[in-house]
1. Two decimals is fine: what is log10 I(q)/I(0) at q = 0.23 Å⁻¹ for the range 29-140, from a Debye sum with one equal scatterer on every Cα and no solvent?
2. How big is the dipole moment of the range 30-140 about its Cα centre under a simple scheme where the beta carbon of each Lys and Arg is +1, that of each Asp and Glu is -1, and everything else is neutral? Debye, nearest 20, please.
3. Could you work out the local net charge near residue 61, counting Lys and Arg as +1, Asp and Glu as -1, over the other residues with Cβ closer than 15 Å to its Cβ?
4. Put a dot 7 Å past each Cα toward the Cβ at residue 133 and residue 98; how far apart are the dots in nm?
5. I want to check the label-to-label distance for residue 89 and residue 17. Put each point 7 Å from Cα in the C-beta direction and report it in nm to one decimal.
6. Order these peptides, 51-58, 125-132, 87-94, by their mean beta-carbon neighbour count within 10 angstrom, highest first.
Amino acid sequence: MTDPAPPGPTAQLDKFEAGIYTRAVRRIYRNLFVLAAAGMLACLWWRGLPGALGFLLGAAFAILSFRGIHKFADSLGRERDPSHRRVLAGKIVRYLLVALCAYVILQYFRVNRIAAIAGAFVLVAAVLIEIAFELIYARA
């Protein structure tokens, strides 16, 4: 009888593929933070403090979204425990609270909405940078 593999996608891959996955996720996180900082500085110069805060709000939402996607991908293939519905309800409540906080910040603190939307696209930019990196530096 064989031992079951540990949970998560890295357990189902061989060591080489697991290393690629781990490094890619690490680069995406790094790209997210670098793009968020650069975009915040650009919006600070372009639209002042409301623009910088708006971009930072959008970028924070993008980073939290990627974190959720990353955790979901890691949970694939795992045995579900009986409390998975409670965890799912907690995640839904968390996203509702983030949306409520974003609404309050946008409505009452007069942050730049265009900058907030631009900040939300930081995740798209980070993933596109990772795709370009993999295409250029892929080892066949």
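1. The Cα Debye sum returns log10 ratios of -1.17.
2. Here the range 30-140 has a charge dipole of around 300 debye.
3. +4
4. 2.1 nm
5. If labels sit at residue 89 and residue 17, their model points lie 3.7 nm apart.
6. Highest-to-lowest ranking by the protection proxy: 51-58, 125-132, 87-94.
Taken together, the values in this text are just the output of simple stated rules run on the coordinates, not laboratory data. If you're wondering where the values come from, they're calculated on a predicted model, not measured in any experiment. Cβ: placed from backbone, ideal geometry, glycine included. Neighbour counts: every protein chain shown.
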